[in-house]
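Undergrad: Submitted below is the structure of interest, expressed as structure tokens.
The values are calculated or read from the model by the stated rules, or taken from the named source; none is laboratory data. Note that this is a predicted model, so its numbers are computed, not measured. Glycine gets a Cβ as well: all are built from the backbone with ideal geometry, and neighbour counts include every protein chain shown. Heads up: the accessible areas ignore ligands, DNA and RNA and are worked out on the full protein's heavy atoms, side chains in. Shrake-Rupley method; radii C 1.70, N 1.55, O 1.52, S 1.80 Å.
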Amino acid sequence: MDIAAFQPFLNWITAHPAWAGLAVFIISFSESLLVVGLLVPGVAMMFGIGTLVAMGALNLWLTLAWAAAGAVAGDGLSFWLGHHYQDHLRELWPIRRYPALTSRFIIVNVLSAAMWAPAYTLPGVVFGASLGLASEIASRLTVLALVLLILLWFTAWLVYRLYLFLQPRATQILERLLNWGAAHRYAGTVVSSVLDPQRSEVLGLVILGSALVGIALLLVTVGHALFGPTLTLDNKALFHLLQGLRVPWADRLMVLLTELGSATVLFSVTLAVIAWLAWQRVWLAVIHCVSAAAFAFILTISLDWSREAPVSGLGPIWASGPVVMSTILYGLLAVMVTQGLYGVRRWMPYTLVGTLIVAIMLSQLYLGAVWLSQVAAGVFLALLWVIILGAAYRLHTTVPVAPHSLTAVIVLTLLGATALQTNLHFERDVARLGPHRSLIALQASAWWDSAWRKLPPYRIDLEGRSKQPLTVQWSGALPVLRAHLKRHGWESPPALNGRNVLQWLRAAPPLRDLPILPHAHDGRFDALRLIHATPNPQQLAVLRLWSTNYELREPTQAVWIGTVTLVHASTRIPWLTVPVTGTDFDAPLGIFEATLDGLEWKTVQRPREHHMPWSGSVILVHGTGATEDP
């Protein structure tokens, strides 16, 4: 169930906190009530309420108390209804065998409600807390986290629903296809070859595989002729949209996901599975795995032969590879694993594989390694091949492979190959797939006089939605400025590592002991982060500088842009004390200005705008003549 569907209800709770407790009680009561609980999406709604707790809209302990009370009341009413029809109830297991359990219901009810309330609410609290931290770093990170979570959840839900719909109808669909084939002479030969267990599937697979490759070549040729190398205008639109959402931490996560579809990982998994199947002497499965790999390679070349990847320098040929080959390989393996499973567990491999494929696809699109049209065509044709090849395998094999052993081979090889790939090539791939920017040269005198206005006035994060002004520009080496400022009262904050993050869990810790979260600007994290005391002991001034696409000439120096803000300790997230950026940008700029003695600097003014969050002052600092500590 999608939480977004209940957003108006959650908004109402936020706007009417006095009624929030009653609303939580009703939700948990309905979820626990006999029969009604099957119709009320209490899990999704309690998850959303937990998110509101993390955002500071609701009190954690009161929310848990109301939720537990509602669960007790709902279970109690359900028990009363059961007791009312006790003649029928006593005939049911386990009451029939253990009649004394009814006398212990109240104790069990209270204990289960006490566990139910945090179990349903705390995941939402954790999720809301993560969104709060992500939004402090970059609004882009919050958007990406939500999009990724929703798409992966939707994929799992869709695969599960499709399985429930198709599984009981599989025999009927097979019979209709065979009947259709019997009525069509030439097409029937292909259909019966694939679906008739009494006939060899080789002819049908060769014909259908060739047809799919022909379709891929036709799509690419016609699309290239009509629209150019990118095939559609939507390709560039989505590419630029995703490039505008890039954040360094998300870059690293997406590179890690895309490594799951790398040539090293896919080749290792394929080779390990084929070797294991050969050792088990399951030769038909070996042949189908080889067929899957060969077709995936040919389809990849067919889709990419005339197109460069969106990011220049990546080259053609392998752009569609991670998505196409992952879909075919992991899809066929899911078919093989499920053949040996029975009951409700058979949907699980399909759901896990579907989620994995979508994760790889999203990472490829985010990193600009493939066009949307390549993904759409590649996944569509790859899924068709998985359906064809999977059906042929399921109908022609007589002995299923051992599902748990095959799963162990797949998972262990996948983990090992991914570890090897990331150890050898992760940093290279992060640099290779990172945002590519070209430098813009400025004369030093021009920057000092007026060209400083070319640099952005606000921190770029979802088109400046945060309205955090960039009030400092520095030309020169960062170590030089860092050394000077440290001589004038600035200091480095505690490093953001596992040990220091535990300081966030202390009750009322000193602000200086807390690590300061990095901020993202234009897809980059701050390269310099320093703190300074303020007259208010509950606040610290924080200076941040980011690299830019500008470089000065005569002399050659890098240009950095930054901001000076005030941070205070926020405890709106339960059990967490985190430094949060305030909205006063003029006072901390004065603190920074007072520490610039000995440097060449001046204050310039941006023109006033409506709803401008600061006075418009910008401090330019020139690094010429400044030196580091000896």
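Undergrad: In nm, what is the difference between 0.36 nm times the number of residues separating residue 297 and residue 342 and their Cα-Cα distance? Display every interim value, and only then the final one.
TA: Values: separation 45, 0.36 × 45 = 16.20 nm, distance 3.26 nm.
Here the segment from residue 297 to residue 342 would lengthen by 12.9 nm.
Undergrad: Excluding residue 340 itself, what net charge comes from residues whose Cβ is under 14 Å from its Cβ, given Lys and Arg +1 and Asp and Glu -1? Walk me through the intermediate numbers first.
TA: Details: positive: 345, 346, 394; negative: none.
Local charge sum for residue 340: +3.
Undergrad: All other residues with a Cβ under 15 Å from the Cβ of residue 472 taken together, and with Lys, Arg as +1 and Asp, Glu as -1, what is their net charge? Don't jump to the answer; show the numbers that get you there.
TA: Details: positive: 453, 459, 482, 529, 544, 602, 606; negative: 526, 586, 593, 600.
Net local charge, residue 472 excluded: +3.
Undergrad: Distance between the C-alpha centers of the range 139-216 and the range 587-615? Whole Å please.
TA: The range 139-216 and the range 587-615 have Cα centres separated by 63 Å.
Undergrad: Which FRET efficiency value, to the nearest 0.05, is calculated for residue 428 and residue 584 with the Förster distance at 41 angstrom and r the Cβ-Cβ distance? Spell out each step's value before the answer.
TA: Numbers: r = 43 Å, r/R0 = 1.04.
Efficiency for this residue pair is about 0.45.
Undergrad: Let me ask something additional. Loop only per DSSP, at most 15 neighbouring Cβ atoms within 10 Å: give me the trypsin sites (Lys or Arg not before Pro) in the range 149-218, ordered by residue number.
TA: Details: sites: 161, 169, 176, 185, 199; in loops: 199.
When the trypsin sites (Lys or Arg not before Pro) of the range 149-218 are filtered for loop state and at most 15 Cβ neighbours within 10 Å, 199 remain.
Undergrad: Among 60-69, 492-501, how do they line up by average Cβ neighbours within 10 Å per residue, starting with the highest?
TA: In decreasing order of mean packing, 60-69, 492-501 become 60-69, 492-501.
Undergrad: Could you sort 444-456, 268-280, 363-375 so that the peptide with the highest average Cβ count within 10 Å comes first and the rest follow in order?
TA: Working: 444-456: 15.5, 268-280: 17.2, 363-375: 25.2.
Most protected by this proxy first, the peptides run 363-375, 268-280, 444-456.
Undergrad: For the range 402-466, with all protein chains present and a 1.4 Å probe, just round the carbon and sulfur fraction of the accessible area to a whole percent. Don't skip to the answer; put the middle values down first.
TA: Working: 2280 of 3720 Å².
Taking all protein chains in place, the range 402-466 shows 61 percent carbon and sulfur surface.
Undergrad: Which percent of the accessible area of the range 537-597 is formed by carbon and sulfur heavy atoms (probe 1.4 angstrom)? Present the calculation step by step, with values, prior to reporting the outcome.
TA: Values: 1220 of 2390 Å².
Percent of accessible area from carbon and sulfur atoms in the range 537-597: 51.
Undergrad: Grab the beta carbon distance between residue 570 and residue 153, set R0 = 30 Å, and tell me the FRET efficiency rounded to 0.05. Kindly include the intermediate steps, with their values, before the conclusion.
TA: Details: r = 29 Å, r/R0 = 0.95.
After rounding to 0.05, the efficiency reads 0.55.
Undergrad: Restrict the search to the range 525-630; then list the GluC sites (Glu not before Pro) that DSSP places in a loop and that have at most 10 other Cβ atoms within 10 Å of their Cβ. Before the final figure, lay out the partial values.
TA: Working: sites: 551, 593, 600, 609, 628; in loops: 609, 628.
Passing sites in the range 525-630 are 609.
Undergrad: Can you tell me the order of 244-256, 394-406 when each peptide is scored by its average per-residue count of other Cβ atoms within 10 angstrom, highest first? The partial results should precede the final answer.
TA: Values: 244-256: 19.4, 394-406: 15.6.
Ranked from most to least packed, the peptides come out as 244-256, 394-406.
Undergrad: Could you check the simple spin-label distance between residue 458 and residue 486, using points 7 Å along Cα→Cβ, in nm with one decimal?
TA: Roughly 3.5 nm, to one decimal.
Undergrad: What number comes out for the charge environment of residue 517, summing +1 per Lys or Arg and -1 per Asp or Glu over other residues with Cβ under 11 Å away?
TA: Numbers: positive: 529, 544; negative: 136, 526.
Residues near residue 517 contribute 0 overall.
Undergrad: Now, a different point. At 1.4 Å probe size, with every protein chain present, just tell me what the per residue accessible area of the range 549-607 comes to in Å².
TA: Dividing the accessible area of the range 549-607 by its residue count gives 45 Å².
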